[in-house]
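Below is one structure, written out as structure tokens; comments come after it.
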Amino acid sequence: MTARKPPKVSFRWWVDRQIEQARARGEFDDLPGTGQPLPKPTGNDAATDWVLREVRKGGHDTKALLPPSLALKREVQDLPVTLAAERTERRVRELVEELNERIRQAYLNHLAGPPLTVAPVDVEEAVEDWRRSRAAS
């Protein structure tokens, strides 16, 4: 366990001291990636870059990191692709109705984060688009 920070000492100094002591003990020797160049920055802060890399490396979808209002917007945008994979009209209707219910709940619950700007999807219009896409392929 790490020793507690002494009173009247800045956190910055205390952290720097902990790092120097760990370096002196060799705790940073032979870490994975030692001697390799740092990844190119994406324009995000370093913590965001790291999280995105780790999520992608684990094979996970980065959409899970979006705030709920943006995740719903993305889900509406991706709906045609999602529905194209479905085989039955009943399932298409279920998916659109489930999405609409989540949108309605989001408006009722006043989600934290960016404002919610997505409207419920017209079920009949989504079904008609799904039919057209199936007929075209």
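The values are calculated or read from the model by the stated rules, or taken from the named source; none is laboratory data. Since the model is a prediction, treat every value here as computed from it, not as a measurement. Please note: Cβ atoms are built from the backbone with ideal geometry, for glycine as well, and neighbour counts cover all protein chains shown. Only protein heavy atoms, including side chains, enter the accessible area calculation; ligands, DNA and RNA are left aside. Shrake-Rupley method; radii C 1.70, N 1.55, O 1.52, S 1.80 Å.
Summary of values
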item: Residue under evaluation Pro115, criteria (1) under 13 Å from Glu75 (Cα atoms); (2) surrounded by fewer than 12 Cβ atoms within 10 Å (Cβ to Cβ), criterion not met; result: (1)
item: Near pairs, Cβ below 8 angstrom, 6+ apart or cross-chain, from segment 48-77 (within 27 Å of Pro32 (Cα to Cα) and modelled with pLDDT of 90 or more) to any residue that is assigned to a helix (DSSP H, G or I) and aromatic (Phe, Trp, Tyr); result: none
item: Unmet criterion (only one of (1) more than 29 Å from Glu128 (Cα to Cα); (2) modelled with pLDDT of 90 or more) for Asp30; result: (2)
item: Segment 44-81 - residue that is of a type in the set (Asp, Glu) and closer than 28 Å to Ala126 by Cα and, of those, surrounded by the fewest Cβ atoms within 10 Å (Cβ to Cβ); result: Asp61
item: Val81 being touching a helix residue (DSSP H, G or I) at 6+ places or on another chain (Cβ under 8 Å) and on the phi < 0 side of the Ramachandran plot; result: no
item: Pair list, Cβ under 7 Å, 6 or more apart: segment 28-43 residue free of Cβ contacts under 8 Å to residues at least 40 places away in the same chain, other residue small (Gly, Ala, Ser) and not in a loop (DSSP other than H, G, I, E, B); result: Phe28/Ala22
item: Residue, nearest to Lys63 (Cα to Cα), within segment 86-111, restricted to residues that are in a loop (DSSP other than H, G, I, E, B) and either open to solvent by 80 Å² or more (accessible area, probe 1.4 Å) or among the β-branched types (Val, Ile, Thr) (or both); result: His110
item: Search result, residues across segment 3-24 that are open to solvent by 90 Å² or more (accessible area, probe 1.4 Å) and part of a loop (DSSP other than H, G, I, E, B); result: Arg4, Pro7, Lys8
item: Flag if Glu27 is over 30 Å from the mean Cα position of the chain (by Cα), within 29 Å of Arg53 (Cβ to Cβ) and part of a loop (DSSP other than H, G, I, E, B); result: yes
item: Residue within segment 78-85 that is at pLDDT below 95, part of a helix (DSSP H, G or I) and farther than 30 Å from Val51 by Cα present; result: yes
